[in-house]
Amino acid sequence: MRSIAQPGAPVAERIQWVEARGRAFSFTLQAGLPLLEAARRGFAEAGFAGGALSLRGGALGPLAYVMPALSKTGANAAFYSDTFRPEGIAQLKFAAMTLGERDGAPFFHCHGLWTESDGCLHGGHILPEESFVAEPFAVDAFGIDGAVFAAEPDSETNFRLFGPVSSSSQARADMNASGRAFALRLRPNQDFAGALEAFCRQHGIFHARIHGGVGSTIGARFTDGRTVVPFATELAVRSGTVMPNADGKLEAAIDIALVDYLGGIAEGPLMRGDNPVLMTMELVLEALDGETSS
């Protein structure tokens, strides 16, 4: 399997995780607000400080974003491009977001694809405070209680990355029926699907659903044989599950959208066993098995 050398030594714990409670809900992003504030309000109204968000359709403008790029200094295995600020309104095709905190304030990590005023499909890493909701649109969310994604220095990649940490419960009374969930961050150079399958086996999870899913893989290999060769990508999970196959063996099915550092865009289901994480992969894993203990 492909691998990329990182500037720091590998951290022993290859999956950073916190068990939490959570539930799915929907809300409408309010027009005229920064995307960060619109997302924060939607989660807060449901009684959550953060979690995962899927955006299908909708419009952003102004929009500011960066793309993956090669490192100019060698301090990182890959880096970001200069900031793009396209004119007009961008029509979202799909985006995945992790809402958490940085320096004690709300912050998000969001990757997606959209069509700009030039009529072309673009993609990348959306910047929280420079991107605005152009018109109201509904989104699907999964809020978590008992864990938060916090931006912290990561010695392995030499980036400041979102990772789950425990937090005190902030749930309202209507959260009592919420389900078992895990806030996860996968570290570099491990297969995306394989890591989730192993995690579920270790924690007695036989049926799970992915919510959100923001990160990067080393290029990509799809189930239909297509490949993405450029190694630096920005990826968003469109849907994903971990379920038993016909033989009872756990298999992850993960459908994604990505942009690579040359501007190439690819979408579709990933091949199991051949899609290693480049920098990070953060997501919420909802256990659908009830209250089986780990």
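The values are calculated or read from the model by the stated rules, or taken from the named source; none is laboratory data. Given the structure is predicted, the values throughout are model-derived calculations rather than measurements. Using ideal geometry, Cβ is built from the backbone for each residue, glycine included, and neighbour counts are taken over all protein chains shown. Note: accessible area is taken over every heavy atom of the protein model, side chains too, but ligands, DNA and RNA are not part of it. Shrake-Rupley method; radii C 1.70, N 1.55, O 1.52, S 1.80 Å.
What FRET efficiency, computed as 1/(1 + (r/R0)^6) with R0 = 41 Å and r the Cβ-Cβ distance, is obtained for residue 152 and residue 246, rounded to the nearest 0.05?
According to the calculation, E is roughly 0.50.
Carbon and sulfur: what percent of segment 89-206's accessible surface (1.4 Å probe)?
50
Rank 154, 247, 82 by mean-square fluctuation in a GNM of the chain with C-alpha springs under 10 angstrom and give only the top-ranked residue.
247
On a C-alpha basis, how far is the centre of segment 40-54 from the centre of segment 104-170 in Å? Whole number, if you could?
Segment 40-54 and segment 104-170 have Cα centres spaced 12 Å from each other.
Given R₀ = 41 Å, FRET efficiency for residue 83-residue 9 by Cβ-Cβ distance, to 0.05? Can you show the working numbers first?
Working: r = 31 Å, r/R0 = 0.76.
The pair residue 83/residue 9 has a calculated efficiency of 0.85.
Relative contact order, percent, of segment 100-149 when contacts are C-alpha pairs under 8 Å separated by at least 6 residues?
This gives 32 percent for segment 100-149.
Between 168, 178, 155, which gets the highest mean-square fluctuation from a Gaussian network model of the chain, Cα cutoff 10 Å?
So, out of 168, 178, 155, the one fluctuating most is 168.
Using 7 Å Cα-to-Cβ label points, what is the residue 30/residue 140 separation (nm, one decimal)?
Placing both labels 7 Å along Cα→Cβ, they lie 2.5 nm apart.
Relative to the compact globular guide of 2.2 N^0.38 Å, what is the alpha carbon radius of gyration of the chain, as a ratio?
0.94
At q = 0.14, 0.16, 0.23, 0.25 Å⁻¹, work out log10 I(q)/I(0) for segment 1-90 with the Debye formula, treating every Cα as an identical point scatterer and leaving solvent out; two decimals please.
-0.87, -0.99, -1.11, -1.20
At a 1.4 Å probe radius, which order do 72, 93 fall into by accessible area, largest first? Before the final figure, lay out the partial values.
Numbers: 72 185, 93 100 Å².
Correct descending sequence by accessible area is 72, 93.
Rounded to two decimals, what ratio of Rg to Rh does segment 163-254 give with C-alpha atoms and a Kirkwood Rh?
Rg/Rh: 1.02.
I want to verify a result. In a Gaussian network model of the chain, Cα cutoff 10 Å, which of these has the top mean-square fluctuation: 28, 280, 217?
Result: 28 has the largest fluctuation of those listed.
So for the chain, averaging the separation of alpha carbon pairs under 8 Å that are six or more residues apart and normalising by length, what relative contact order in percent results?
It comes to 24 percent, rounded to a whole number.
Hey, what's the chain come to in accessible area per residue, 1.4 Å probe, Å²?
40
Find the all-direction average of the projected area of the Cα convex hull for segment 117-230, expressing the result in square nanometres with one decimal place.
Mean orientational projected area (segment 117-230, Cα hull): 11.6 nm².
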